[in-house]
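Working notes for the structure below.
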Amino acid sequence: MTPAARRARAHPGAEALAVKGWWRAQRWLLLRRISQLGILALFLCGPLLGGWIVSGNLSSSLTLGVLPLTDPYLLLQTLAAGHLPYQTAWIGAALVAGFYLLLGGRVFCAWVCPVNLVTDAAAWLRRTLGIRTGRTPDAATRYWLLAGTLAAAAVSGSAVWEWVNPVSVFHRSLIFGLAGGLWLILGIFLYDLLIARHGWCGHLCPMGAFYSLLGRFALLRVTASGRNACDDCMDCFAICPEPQVIRPALKPTGPASPIVTSVNCTACGRCIDVCSKNVFKITHRFDPRSPS
Amino acid sequence: MNHPLPPTQEAPPAASRRRFLNTVAAAAGGGCLLALGAGLYARQASALPAQALRPPGALAEADFLAACVRCGLCVRDCPYKTLQLADLGDPVATGTPYFTARAVPCEMCEDIPCVKACPTGALDHALTDINAARMGLAALVDHESCLNFLGLRCDVCYRVCPVIDKAITLESQHNPRSDRHAMLLPTVHSDACTGCGKCERSCVLPQPAIKVFPITLAQGALPAHFRKGWEEKARHGGSLIGEQVELPVRGLDAPLAGRTPLEGRVSTAPAPLPPPPAAVANTPRSLDSQWKP
């Protein structure tokens, strides 16, 4: 690799920053951060300021005293453990599942999940420092882990994954001011930094795997509609948390649709930001436009 | 295989199948290991420690751990900040609600907001009367330091009990130390104790003599076949095995039975007649000291 290419690999989006300007080169990233931190702020309003908007946590919550929301993955674990939850939990889980079925399951990962802040930071540091150590597990491990967590719940009669689930532990730690879970998050940060690129969110997290399964019919999609303008700079591959989803849309072997249909696409929009040629944009699943 | 694969895009079917199987095996193995590790950790920590009490209406511990989604809505709705969520590494299942009686006991709200907040039924909505809650069971564990057992009138646990005179009663007993006072012993009754923990919280000792434990720790159980003779007798209006021959019990037929000095009992002489009433007032060894407060 040439020094220039290495520099590009370490700082994808540098060219976009120069060409498109500060806002358009990181618009989706900033919007995503606003979404992630805003959702945390909604939960923290009550305990910190005394004005309750959302109470509970991502596992199950109550908004403004009327809107129940429950994580369908947690409901599934509860069912596997042998408990039939109350109607409130069912309604909450149906609302959440419906939302992500419509919008795209992994939208949760990119726009809501607090662990994304940590793994994004690890990925950035890994890129910047040029760390290439470790070994990445197979991306299908997460589905096995998903099955394993449900099987463990069924065998033990208890939602055992929730003892250590980094997503719920981290969110709960932030909202309820607990410190013990932060060690787990430090572990994930170090794993993503030193051992596996996008290791947790892209390969292991069973919650992400569950939301991937919800993304089969996602409306919100990224399209490589400007793929003819692509100059093979590889910035999108360097920045994408699930790089394997890009190729079929960007570099198809036949006359395929430019829409990224993989369930693993988190619709984070980073590819749109870092592309200086405006190849990508956010669209809906049935966008009829063909590549220009 | 000794030779590297030819540099073609498509690997031969056998090799690609082998690679696929390898990948699947590794992924499955990794997944199973992680799930197993989490399961073992959970099993090790799934016994509730003695000082952790579940909120009112909580299902039995095993069912509770299946039903609770660890959302903390019960914690948020507790007006007294009694409930807290277990942190990772605490001896209570991560993220589940509990309280420590000595720190902040349950105030037994009449509308039980914590139970109403539970979205899954880990806290049973069938509980509508807080007096029917069974969060734990108080036990006066230390008879050596309890001030009432020492013959003093502390009574604080009895006074603060929200179910006073039902969950905790004061049972009067003779004080053998002074031999002239009563001891009023705080006595817990499991049919009324809600396990709120106010007695443990308010015990005046540096370490409480009365403590509230999860019921499985605090309560014994009679064997299922066990019958109490006196209850059966009362129920049937008489002994079930006919009237028994009452045999005299040696030593208990003396007038000062049970309190007679040892030397009086081993003497072969017949038991001394009770002294005349005038003598009683002067005999310090007598049962009735005539002392009045």
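Structural remarks
- Each residue of region A:68-78 was assigned a 3J(HN,Hα) from its phi angle through the Karplus expression (A = 6.51, B = -1.76, C = 1.60, θ = phi - 60°), giving x, 10, 9, 5, x, 5, 5, 4, 5, 4, 4 Hz with x at Gly and Pro.
- Net charge dipole size for chain A [Lys, Arg +1 and Asp, Glu -1 on Cβ; Debye, nearest 20]: 860 debye
- Globularity index of region A:53-214, i.e. its alpha-carbon radius of gyration over 2.2 N^0.38 Å: 1.06
- Point-to-point label distance, B:Arg180-B:Ala25, nm (Cα→Cβ direction, 7 Å offset): 8.9 nm
- In chain A, the longest principal axis of the Cα atoms and the axis of helix A:87-103 are about 10 degrees apart.
- Per-residue shielding of B:80-86, expressed as the average number of other chain Cβ atoms within 10 Å of the residue Cβ, stands at 2.
- Only lysines eight or more places from A:Lys281 in sequence, or on another chain, were considered; those with a Cα closer than 26 Å are A:Lys20, A:Lys251.
- Partner aspartates and glutamates whose Cα lies under 14 Å from the Cα of B:Lys81, excluding those fewer than 8 positions away in the same chain, are identified as B:Glu107.
- Rounded if a/c under 1.5, otherwise prolate or oblate - region A:166-292, Cα gyration tensor axes: prolate
- Of the residues B:Ile168, B:Ile130, A:Ile39, the one with the fewest other Cβ atoms within 10 Å heads the list, and the complete ranking is A:Ile39, B:Ile130, B:Ile168.
- The HN-Hα couplings worked out from phi for region A:189-205 by the Karplus form 6.51 cos²θ - 1.76 cosθ + 1.60 (θ = phi - 60°) are 4, 5, 4, 5, 6, 9, 10, 9, 5, 6, x, 6, 5, x, 9, 10, 4 Hz, whole numbers, x standing for Gly and Pro.
- Near B:Asn148, the amide H atoms lying under 5 Å from its own belong to B:Cys154, B:Asp155; only residues 5 or more places off or on other chains count, and H is placed 1.01 Å from N.
- Other residues lying with their Cβ under 12 Å from the Cβ of A:Cys109 contribute a combined charge of +1, Lys and Arg counting +1, Asp and Glu -1.
- Rule-of-thumb Rg ratio for chain A [Cα; 2.2 N^0.38 Å; N residues]: 1.03
- Mean projected area of the convex hull spanned by the Cα atoms of the protein assembly as shown, taken over all viewing directions: 43.4 nm².
- With 0.36 nm allotted per residue and the present C-alpha distance subtracted, the B:Leu217-B:Val104 stretch has 38.7 nm of extension available.
- Distance between the 7 Å Cα→Cβ label points at B:Val141 and B:Tyr80: 2.1 nm.
- For A:Arg127 and A:Arg24, the FRET efficiency from 1/(1 + (r/R0)^6), where r spans their Cβ atoms and R0 equals 22 Å, is about 0.55.
- Ordered by the count of other Cβ atoms within 10 Å of each Cβ, fewest first, A:Tyr100, A:Tyr73 give A:Tyr100, A:Tyr73.
- Residue-span extension gain [A:Arg135 to A:Arg216] - 0.36 nm each, minus C-alpha spacing: 26.3 nm
- Look at the stretch A:144-153: the mean tally of other chain Cβ atoms within 10 Å of its residues' Cβ atoms is 6.
- Simple label model, 7 Å out from Cα along Cβ direction - A:Arg285 to B:Ala132, nm: 4.7 nm
Where a number appears in this text, it was derived from the coordinates with a stated rule and is not lab data. Please read these numbers as outputs of a predicted model, since none were measured by experiment. Cβ coordinates were reconstructed from backbone atoms using ideal geometry, including for glycine residues, and neighbour counts include every protein chain displayed.
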